[in-house]
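Heads up, the thing below is written out as structure tokens.
The values are calculated or read from the model by the stated rules, or taken from the named source; none is laboratory data. Since we're looking at a predicted model, the values are computed, not measured. Because the Cβ atoms are built from the backbone with ideal geometry, glycine has one as well, and the counts that use them run over all protein chains shown.
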Amino acid sequence: DGGITQSPKYLFRKEGQNVTLSCEQNLNHDAMYWYRQDPGQGLRLIYYSQIVNDFQKGDIAEGYSVSREKKESFPLTVTSAQKNPTAFYLCASNSPAGGPGYNTEQFFGPGTRLTVL
Amino acid sequence: AQSVAQPEDQVNVAEGNPLTVKCTYSVSGNPYLFWYVQYPNRGLQFLLKYITGDNLVKGSYGFEAEFNKSQTSFHLKKPSALVSDSALYFCAVRDNNAGNMLTFGGGTRLMVKP
């Protein structure tokens, strides 16, 4: 059963604490993305990775960090430098043009809701 | 730069009536256009896309969208709404000359009343 999984579904963070959100895909996609969704707003891109061991900042990267050591995994760390981290976080993936199994649309995971206590 | 506008925060429609959710876009090159649906506390589900070809695109769950280049629009439509269609709908655009990034609209909440 192919797809994207995110864990945990709900996450609570104390002030000053770093937390890591997991994103795993078994779709053999090269590209992976992290978005943040706030109530009443659209999705904003945090980081993306087009290939293993490479990633780029999106529109709102400050206070976040990522790694891409494996094709299947793209974890997001929300650091203490992110002043307002309470949001719904979505991971997505696809195969960019020129890659095997090219598809234009992005496939999304179920999301992680992060709340700062 | 690419951008998307969804001018309506909410659309209300009675069950059985046709529905339209509006989307306009701006890109420098040729657009790739997408519609996604989101149910509460869930990820986004892909509905349909326009890449090239026929301006009328048919997608999942009876939804369709019409690409209008002169009006730079890509409105989502369904001939007969269901209560179960109530959800948050997102339009997204990708400039095919500007890499693989999607830009999303702010979303439109569709409420279908029995």
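In segment B:37-54, how many residues are over 13 Å from the mean Cα position of the chain (by Cα) and either among the hydrophobic types (A, V, I, L, M, F, W, C) or within 14 Å of chain A (Cβ to nearest Cβ) (or both)?
Counting residues in segment B:37-54 that are over 13 Å from the mean Cα position of the chain (by Cα) and either among the hydrophobic types (A, V, I, L, M, F, W, C) or within 14 Å of chain A (Cβ to nearest Cβ) (or both) gives 8.
Please list, ordered by residue number, the strands (runs of 3 or more DSSP E) wholly in segment B:71-114 having 1 or more residues that are in contact with a Gly (Cβ under 6 Å, 6 or more places away or on another chain) and facing another protein chain (nearest Cβ under 8 Å).
Hits in segment B:71-114: B:87-95.
Filter segment A:18-44 for residues that are within 14 Å of another protein chain (Cβ to nearest Cβ) and not in a strand (DSSP E or B); which is farthest from residue A:65 (Cα to Cα)?
Looking at residues that are within 14 Å of another protein chain (Cβ to nearest Cβ) and not in a strand (DSSP E or B), I get A:40.
Residue by residue through segment B:1-45, note down the ones that are surrounded by 14 or more Cβ atoms within 10 Å (Cβ to Cβ) and of a type in the set (Gly, Ala, Ser).
Matches in segment B:1-45: B:5, B:26, B:43.
For residue A:60, are the conditions met, namely being more than 11 Å from every other protein chain (Cβ to nearest Cβ), closer than 20 Å to residue B:90 by Cβ and either touching a residue at least 60 places away in the same chain (Cβ under 8 Å) or over 10 Å from the mean Cα position of the chain (by Cα) (or both)?
It is true that residue A:60 is more than 11 Å from every other protein chain (Cβ to nearest Cβ), closer than 20 Å to residue B:90 by Cβ and either touching a residue at least 60 places away in the same chain (Cβ under 8 Å) or over 10 Å from the mean Cα position of the chain (by Cα) (or both).
Of the residues that make up segment A:73-90, is at least one outside any strand (DSSP E or B), more than 22 Å from residue B:104 (Cα to Cα) and within 14 Å of chain B (Cβ to nearest Cβ)?
Looking through segment A:73-90, none of the residues is outside any strand (DSSP E or B), more than 22 Å from residue B:104 (Cα to Cα) and within 14 Å of chain B (Cβ to nearest Cβ).
What single numbered condition from (1) within 30 Å of residue A:10 (Cα to Cα); (2) in contact with a Lys or Arg (Cβ under 9 Å, 6 or more places away or on another chain); (3) surrounded by 15 or more Cβ atoms within 10 Å (Cβ to Cβ); (4) of a type outside the set (Val, Ile, Thr) fails to hold for residue B:75?
Here residue B:75 meets the rest and fails (1).
Taking only segment A:45-55 into account, find how many residues are within 14 Å of chain B (Cβ to nearest Cβ) and more than 26 Å from residue B:6 (Cβ to Cβ).
Residues in segment A:45-55 being within 14 Å of chain B (Cβ to nearest Cβ) and more than 26 Å from residue B:6 (Cβ to Cβ): 5 in total.
Name every residue in segment B:1-37 that is in a loop (DSSP other than H, G, I, E, B) and closer than 17 Å to residue B:93 by Cβ, in order of residue number.
Of everything in segment B:1-37, those that are in a loop (DSSP other than H, G, I, E, B) and closer than 17 Å to residue B:93 by Cβ turn out to be B:1, B:2, B:6, B:7, B:22, B:23, B:27, B:28, B:29, B:30.
Which one is nearest to the chain's Cα centre (by Cα) among residues in segment B:6-36 that are within 11 Å of another protein chain (Cβ to nearest Cβ) and within 30 Å of residue A:10 (Cα to Cα)?
B:35
So which of A:62, A:15 is modelled with pLDDT of 90 or more and assigned to a loop (DSSP other than H, G, I, E, B)?
From the options A:62, A:15, the qualifying one is A:62.
Just a yes or no: is a residue in segment B:55-66 within 15 Å of residue B:18 (Cα to Cα), within 14 Å of chain A (Cβ to nearest Cβ) and assigned to a strand (DSSP E or B)?
yes
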